[in-house]
Structures are given as C-alpha cells and as structure tokens.
Amino acid sequence: MLYQLSYLALVGAMLASGQGADGAAPWSSTGGLLGAGAREFAIVTATGKRLYLLRHAKSSWEDPGLDDHERPLAPRGRRTAEVLSKHVRANDIHPMLVLCSSARRTRETLEGVAPGGETMIESELYSAGPGELLARLRDLPEETESVMVIGHNPALQTLVLRLAGNAGGRPGSEVNRDDGSDGSDLATVRRKFPTGALATLSFECKWSELGPGGAELVALVRPKDLH
C-alpha cells in the first residue's frame, strides 16, 4: 500500500512538472503525448472517486410516429459517438461501472463510445430526474471508484450543477458558491449541456454521502470541442 501511494505521488509530481521518469513529456496509455489539459486532468483525478455524466449523442426525429424511447441516433450522433470513443481511449477514461438508460439512443451511444467496465441497462434512468439519479448513485457500493451514467437532459445538466455548483442546481439559476466564484466549465454547463456532452466530476466522500456542492467539475467535453 505504501509503495502504491509513493508511486502515485511520484507520477503526480511528474505530471505536474510535465515530465516523464526520463525527463521527457509523459505519454498516455494510448501512446500519445499528454497535453497540459490532460496532465492537469490526470492530477486532479488521481485520487478519490470519479463520476462521468454523458448525455446521449444526437438522436433522429426522422420518424415522427416512433415512440420517444425507441428513437435511434442520427448520423451526426453516430459520428459523435465515434469521436467520443477516441477521446475516452486517449484520456484513459475507464469507468468501473456504466449505468445506461434503456432508451435506444442511449444504448447506441454506449455501443459507439464503448467505455468498457461492467454495464447495467436500467429502465428507471430513462425518466429519472436529478434527485432519482442522485439516489441511484448513493446506492452504489463503496468499492466502485468510477461510474459513467449515460442518460438524458434536463436531469444530467441539473445534476452536474447540483453536485458541482449551487444547491438549487437549476439551469439558468444564480451561482451560490461560498466565494461567489464560477468556473468557466460550470458556467458553460449552466448555459447548455448539449447532446454528446461529457462532464467529469471528482469527489472524496462516500457514494452514500454525495450531495449538493460535494463534487468538483474537473473536465467538460462537448462534441464541438473534439472536431
């Protein structure tokens, strides 16, 4: 255990300095150089738990008579899923567990992104509000260090704001941090959480203790950021 902690500390120091063990820039597990943003992301998420909230990619409205639950991804959505898959691999995003809504568009997003880990398709997530999503997360076993939720708006957007911003957590509401500050990513989420958006939150508490203001938004990726 002490060896593992020392190793993490060493890796964190190298990432912070932008160097590998031989003095060179660090590499990702996929063989690419880690940029400044990726190094910062790796440092922040080296400890604690991680929660990835992914809104499904763009869905099709081509068949107006199709039940909402059965709407597939649009061609644009399928392309977004492919791009997100590359982002996930390049940034070593490997959730231990993936909770996915049973809707066709979320299942197709899951298939396209392919984040790995144990997968649970849950019908309750299709219509779940932010409070119900949080209740589901609080029920997770403590040994689960990272979870990805693939779901829908407005629940995901509101949950990001509730966990990483103010207690109200409503899109368009005013910030209620103790210091009155507002990070740029959080402000972006407040304005819009588009299809294909992926928010990464980090926190130190137990899943059962997760609540408003209890997490930090450490990364936000939107499809347009990856093109």
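Some values worked out for this structure:
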{"item": "Gain on full stretching of the segment that runs from residue 76 to residue 63 - 0.36 nm per residue minus C-alpha separation", "result": "3.1 nm"}
{"item": "Under-5 Å amide H pairs with residue 122, H placed in peptide plane, nonlocal only", "result": "100, 101, 102"}
{"item": "Set 49/86; 49/192; 58/86; 86/192 screened for pairs whose C-alpha atoms are more than 19 Å apart", "result": "49/86; 49/192; 86/192"}
{"item": "Additional length obtainable on full extension of the chain from residue 126 to residue 102, 0.36 nm per residue less Cα span", "result": "8.0 nm"}
{"item": "5 angstrom amide H check on residue 59, placed H, neighbours 5+ away", "result": "74"}
{"item": "Under 14 Å, Cβ to Cβ, from residue 149 - net charge with Lys/Arg +1 and Asp/Glu -1", "result": "+2"}
{"item": "Chain lengthening between residue 86 and residue 209 when straightened (0.36 nm per residue, less Cα-Cα)", "result": "41.0 nm"}
{"item": "Shape of the stretch 61-146, Cα gyration tensor, a/c cut at 1.5", "result": "oblate"}
{"item": "³J(HN,Hα) computed for each position of the stretch 115-120 - Karplus, 6.51 cos²θ - 1.76 cosθ + 1.60, integer Hz, glycine/proline x", "result": "x, x, x, 5, 10, 10"}
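All of the numbers you see were taken from the coordinates with simple rules; none came from a lab. Predicted model, so just to flag it, every value in this text is computed and none were measured. So basically every Cβ, Gly included, is an ideal-geometry build from the backbone, and we count neighbours across all protein chains shown.
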